[in-house]
1. List the residue pairs whose Cβ atoms are under 9 Å apart, where the first residue sits in region 168-194 and is at positive phi, the second is modelled with pLDDT of 95 or more and open to solvent by 20 Å² or more (accessible area, probe 1.4 Å), and the two are 6 or more positions apart or on different chains.
2. Hand me the list of helices (runs of 4 or more DSSP H) wholly inside region 174-242 holding 3 or more residues that are hydrophobic (A, V, I, L, M, F, W, C).
3. Scan R545, R561 and give me the residue that is open to solvent by 20 Å² or more (accessible area, probe 1.4 Å) and among the charged types (D, E, K, R).
4. Might you let me know whether region 198-207 holds any residue that is crowded, with 24+ Cβ neighbours inside 10 Å, in contact with an Asp or Glu (Cβ under 7 Å, 6 or more places away or on another chain) and farther than 26 Å from D75 by Cβ?
5. Kindly establish whether L494 is surrounded by 14 or more Cβ atoms within 10 Å (Cβ to Cβ) and touching a residue at least 60 places away in the same chain (Cβ under 8 Å).
6. I need a count of the residues in region 162-185 that are among the polar types (S, T, N, Q) and open to solvent by 20 Å² or more (accessible area, probe 1.4 Å).
7. Restricting to region 127-159, what's the tally of residues that are farther than 19 Å from N198 by Cα and either open to solvent by less than 30 Å² (accessible area, probe 1.4 Å) or among the hydrophobic types (A, V, I, L, M, F, W, C) (or both)?
Amino acid sequence: MQTGFGRLRRARIVAAWLAGTALAGIQGAAAQGVTGLTVFGDSYADTGNIVRLTGRPLPAPYLNGRYSNGANFVDGLQAIYGLSDGAVANYAVGGAQTGTSNVSSPLLPGLTQEVAALLASGQRLGPGNLVAINIGGNDGIGAALSGLTSAQAPFLGRSSAANAVGSVGQLVGAGASTIVFNGFTTLNGLPRVAGSGNAAAADLFARTYFDGLQAGLAPYAAAGTRIFLLDNGQIFQRIIADPGRYGFVNATAACALVPSCIGAPKAVQNTYLSLDGVHLTEGGYLVLSRYMANAVAAPNGIAAQAELGQIGTTSFAGALLQRLDAYRLFAPAPGEATGALGATGVAPLGAPASPLIVWGQGGYAGGSRATRGFATGYDYDSPSGTIGIEATPAPGVRFGFAFNYANPHASLRGGGGTIDVDSYGFAAYGSFTGTNLFADAVLAYGRHDYAVTRPGVIDPLSAAAGGDSVAVAAKAGYLFDTFGPVRLGPIVGLTYATTRVGAYTERGDPVLTQSVGATGLESLVGRAGMQLRAAPFSLVGLPVRAFVNVTAEHEFLDGGRTLVTSLTSTPLLPILTPLGRGARGTYGLVEAGLSADVTPGVSLTLTGGTTFARTGGDGYAVNGGLTLRF
């Protein structure tokens, strides 16, 4: 039902919005997963239906069939999500109330008939379709201006909420899975209501209506429909308290009643929040659309938190396995040199056990994860440092303990925010090397302190959370004496990791802050491939060992889970966000490393690895270290 009325002009208006405001900064993150927009409601959402139904244009100061001096919030959402006109279906009609009535004319539809029109069309609302609803203002404003009493207000609020909830239930039955609903807890932010002398009754209606919406919609939310119920009244109050921060000069007067405003160009008109005392200017609708898009996008960056913690702990375990590979020394094959190799602490079989070893290394890891479903993709990097102590109590046997600090940082795609982590890791590890057979194992624990920031409409939203990870990694192989000083053979391995992030609540704009439930992530990766190892050789006079691993990695778990959040202003409405499959499948990993003895008591290592052809994004890591033998 999207009309063609003023499309070209609207497109130019919206393009100017995106070019001239912070709206462009949230476009990528907010657009995630939205492929269609279906709209219901009243004059705030009408993009020309009342003109089509009555055959009469709206009078000044309204333009383009909208109750605005330009575009409204539907146009803003369409631009944010990058949707074509064909992807927008708008059933909203100016004057609609929550039931079957319309204050503009008894011949025009209310919300009940709007929803009935969708059902009659046979259209199903798919998972990528965002449903936007703006309704209830005409129920309360008209009554307040007609003498609504404080005794009548709660009854009317409950009745209006029941009407709206009933229509939402029908939309859920038609397949609606994500709904953004503009409600309100106060109406006195509208100049016409504030000046009516009956603002107290209007606010009592608004509070009762909002509470009724929240309670009535709760069962649908608990069953999995993602419902974002916004408080427009609080948005307006925040603008009134500090209009300049939102780009307004006046937030309490109606532009149409101020000659210097209504007679001025649109840019000046848009410095007023209200156009006529009830409806907004284009600038006001722009702010509203930004709030709506921000709320819908809010859960999308949460998946990255557990993933970052898990990447950090499994990278720590992987670096330890690479170090064991770099220092490994088999019994000499025919033609190999014999004798202990200084600081490695690993002598050929039959040689005396080495003393205590202290080592340290610095590393850098990075990579990316692609956007999938409701999980925003990101790019990450992570500098780290590790210290360890180990011993080799018998030839071919090594065990030790290590401490790691890493500082992962992730930037979410589309300007969706950042995540910084202070990660503290502890590990115990052991290794056995026989004549041809070897086996390594690592048990690692990571404690993670998260600092999360995401954009708001004005100020960024922030949060702190804690979590931890456990990783168990094992690897074994059998290397054959192939030709000359080269050994080659199969290797296999398995890494299990589990990560938990605790619950937290964001700080910032109370309209947008969300409470986030605890979440977890599990991974089980198997590996199989080949190791190529050179026997100790001399390089610039130093004894050197080197290896290369090429393996196929397979993730047996899909990473699917459901995040539970809620807007702090609507705690009764849990938002259940299902995350799609992660990198389940097979991909490649190449690892390489070398160690060199500088003196009998000092050696150096350099190791690294990178994945390739991994669904959802690859990662890499490199580590350089120093080992001291006492």
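The values are calculated or read from the model by the stated rules, or taken from the named source; none is laboratory data. Keep in mind the model is a prediction, meaning the values are calculated, not measured. So basically every Cβ, Gly included, is an ideal-geometry build from the backbone, and we count neighbours across all protein chains shown. Ligands, DNA and RNA are stripped out before the accessible areas are found, and what is left, the full protein with its side chains, is counted by its heavy atoms. Shrake-Rupley method; radii C 1.70, N 1.55, O 1.52, S 1.80 Å.
1. Note: pairs meeting the criteria are G175/N129.
2. Answer list for region 174-242: 199-222, 232-241.
3. R561
4. no
5. no
6. Start the filter on region 162-185 by keeping residues that are among the polar types (S, T, N, Q), which leaves 163, 167, 170, 177-178, 182, 185.
With open to solvent by 20 Å² or more (accessible area, probe 1.4 Å) added as a condition, the list becomes 163, 170, 177, 185.
So the answer is 4.
7. Qualifying residue count, region 127-159: 8.
Yes/no matrix, rows are residues, columns are (1) at pLDDT 95 or above; (2) in a strand (DSSP E or B):
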site	(1), (2)
S515	yes, yes
S523	no, yes
G526	yes, yes
P536	no, yes
R545	no, yes
V548	yes, yes
E553	yes, yes
G559	no, no
T562	no, yes
